[in-house]
Amino acid sequence: MPIEDRWPRPAVMGVLNVTPDSFSDGGRFLSAADAIAHGRRLVREGAAVVDVGGESTRPGADPVSTEEELRRVLPVLEGLYGLPLSIDTSKAEVARQALERGVELVNDVTALRGDPDLAGVVAKHDAYLCLMHMQGEPRSMQVEPRYDDVVAEVAEFLHERVERAVAEGVRRELVCLDPGIGFGKTPDQNLELVRRLDVLVEVGRPILVGLSRKSTLGRVLGDPEATLGTLHASLGGAVAAFERGAWMLRVHDVRETVEALAVAAAVARGKVSP
């Protein structure tokens, strides 16, 4: 079924990083048992899908090998089998083994630029796919990012990547898009992407937004050196993105975001029940 029917709007994706160095929760879930318990908790709290990642993509992060990424994620995926899962990877082999273990969605921050074989793996498994915009790569993406019009350029990039995925055999209705908040953008550029999210919606595929705990939120609150945003700022960002057309929000704090979006959705339709 189309991705927006599989996870109806407003959907929440829960973040589960099994890395030592992710920007917000790095090192918290290195134990497979702890990660599995947290993944189950995210589903109980209302996550429509849990996004499992074994390689940090924070600014300045170094890449890890396929073998190390598999070592981190496979026990967790096996322990969460049967729950709605996404794999946060740009590697074809990691995606292949994850999809064989029941994962439904491949969340690729490189938008199929990191591994030429990834699109074929996704197409073969008829899996869902998220394509994200990133200027540069994690080690250098925050070094003076430049755009003439960040929204227009991100929209053009995402449109081109959708067409590339379709040309490689991925069904269009299985694709969603992520503008890549914090991935090669200044705080003001991040805010402009959310402010003009309707332009990205016009690309024609559902939009996922990952603003949760990003440093931009801390800077909005007056800390020019912030590396993290607060829960309350994250909720404000999630509601603002939803009101501008976001379909799914990728977040660390699931229960609170689910509740905030439930109220925002009820206000949008003007009644309590759908």
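The values are calculated or read from the model by the stated rules, or taken from the named source; none is laboratory data. Fair warning: this is a prediction, and the values are worked out from it, not measured in the lab. Note: ideal-geometry Cβ built from the backbone for every residue, glycine included; neighbour counts use all protein chains shown. The area values use the complete protein model at the heavy-atom level, side chains included, leaving out ligands, DNA and RNA. Shrake-Rupley method; radii C 1.70, N 1.55, O 1.52, S 1.80 Å.
Listed values, structure above:
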| item | result |
| --- | --- |
| Compactness of the chain, expressed as Rg and Dmax over alpha-carbon positions, Å | 17.2, 50 |
| Surface/4 estimate of mean projected area, convex hull on alpha-carbon atoms of the range 62-200, nm² | 8.6 |
| Relative contact order for the range 128-267, counting Cα pairs under 8 Å that sit 6 or more residues apart, in percent | 22 |
| Dipole moment magnitude, nearest 20 debye, the range 67-126 about Cα centre, only Lys, Arg, Asp, Glu C-beta charged | 40 |
| Cα lying deepest toward the dipole's positive end in the range 122-232, options Leu231, Met134, Val209, charges on Cβ | Leu231 |
| Gyration tensor verdict on the range 1-123 (Cα atoms; rounded if a/c is under 1.5, prolate if a/b is larger than b/c, oblate otherwise) | rounded |
| Contour minus Cα-Cα distance for Arg195 and Ala262 (0.36 nm per residue) | 22.0 nm |
| Ranked packing of 105-112, 182-189, 38-45, most packed first, by mean Cβ within 10 Å | 105-112, 182-189, 38-45 |
| Probe 1.4 Å, accessible area per residue of the range 91-237, Å² | 43 |
| Percent RCO, i.e. relative contact order, over the chain, from Cα pairs under 8 Å lying at least 6 residues apart | 19 |
| Reachable lysines from Lys185, criterion Cα separation under 30 angstrom, eight or more residues apart if same chain | Lys91, Lys214 |
| Heavy-atom accessible surface of the chain: percent carbon and sulfur, 1.4 Å | 50 |
| Dipole in debye (nearest 20) - the range 40-181, about Cα centre, beta carbon charges: Lys, Arg +1; Asp, Glu -1 | 500 |
| Sorted peptide list for 206-215, 236-245, criterion being average Cβ within 10 angstrom, highest first | 206-215, 236-245 |
| Trypsin sites (Lys or Arg not before Pro) within the range 87-149, DSSP loop, no more than 14 other Cβ atoms inside 10 Å | Arg139, Arg146 |
| Model label zone, Glu202; criterion: amide N under 16 Å from point 7 Å along Cα-to-beta-carbon; scope the range 155-179 | 155-160 |
| Descending semi-axes in whole angstrom, ellipsoid equivalent of the range 156-257, from the Cα gyration tensor | 26, 14, 11 |
| Cα-based shape type of the range 33-80, given that a ≥ b ≥ c are square roots of the gyration tensor eigenvalues and the cut on a/c is 1.5 | oblate |
| Most positive-pole-ward Cα, Leu158, Ser86, Ala266, against dipole of the chain from beta carbon charges | Ala266 |
| DSSP H segments from the chain that extend 24 Å or more along their own axis, Cα-based, with Kyte-Doolittle mean of -0.5 or above | 150-167 |
| Student exercise, the chain dipole from Lys, Arg, Asp, Glu Cβ charges, in Debye to nearest 20 | 740 |
| Helix-derived mean residue ellipticity, 222 nm - over the chain, DSSP H n ≥ 4, -39500 (n - 2.57), to 500 | -12000 deg cm²/dmol |
